[in-house]
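What follows is a set of notes on a single structure, which appears directly below.
The values are calculated or read from the model by the stated rules, or taken from the named source; none is laboratory data. All of these numbers come straight from a predicted model, not from anything done at the bench. Here Cβ is always computed from backbone atoms with ideal geometry, including for glycine, and neighbour counts include all displayed protein chains.
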């Protein structure tokens, strides 16, 4: 009987604290963004066509809250994958032309990562709408070259 009461009290405490814990974690973190980028690298190396399809559809764990993968060709900087459902219109656009609402040329900064050795990660901070909002907010993206692609994952602050 005492054991049953202890279990019930513990469950009640967990349920009472759960909404608070979940409310504090609404978006992805820097570590989670880097982990998704490493997962994207592995997916591209395994099967580039399948990986780009998953990135665009947000499948296979490549759309998690506000974390998503986006990729561009190294040759022409045109986006070939965008996991953000609010940014699908950017597919096929030269990322070097991207500027945030303050005028920062973040696309050119990200594309510079494509000129670095494969596997080296570049971090760029800029303003961009999240998948859950059309209002630009601060975002940090991690970018790396994978063969003939530049892929990135960012998190919103």
Residue that is over 24 Å from residue 27 (Cα atoms) and at pLDDT below 95, where the choices are 108, 114, 77 | 114
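So that you can scan it fast, the table gives a plain yes or no per residue for (1) over 17 Å from the mean Cα position of the chain (by Cα); (2) surrounded by 14 or more Cβ atoms within 10 Å (Cβ to Cβ); (3) assigned to a loop (DSSP other than H, G, I, E, B):
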{"position": "86", "(1), (2), (3)": "no, yes, yes"}
{"position": "101", "(1), (2), (3)": "yes, no, yes"}
{"position": "107", "(1), (2), (3)": "no, yes, no"}
{"position": "117", "(1), (2), (3)": "yes, no, yes"}
Pairs returned, first residue in the range 83-94 that is closer than 10 Å to residue 72 by Cβ, second residue that is assigned to a loop (DSSP other than H, G, I, E, B) and at pLDDT 95 or above, beta-carbon separation under 6 angstrom, 6 or more apart or interchain, are 94/77
Taking residue 113, is it in contact (Cβ under 8 Å) with a residue 12 or more places away in the chain, surrounded by 16 or more Cβ atoms within 10 Å (Cβ to Cβ) and part of a strand (DSSP E or B)?
-> no
Would you pick out the residues in the range 17-40 that are modelled with pLDDT of 95 or more and more than 15 Å from residue 83 (Cα to Cα)?
-> 29, 30, 31, 32, 34, 35, 38
The range 122-157, residues that are assigned to a loop (DSSP other than H, G, I, E, B), farther than 18 Å from residue 89 by Cβ and within 14 Å of the chain's Cα centre (by Cα) = 157
Yes/no for residue 76 being surrounded by fewer than 20 Cβ atoms within 10 Å (Cβ to Cβ), in contact with a strand residue (DSSP E or B) (Cβ under 9 Å, 6 or more places away or on another chain) and assigned to a loop (DSSP other than H, G, I, E, B) = yes
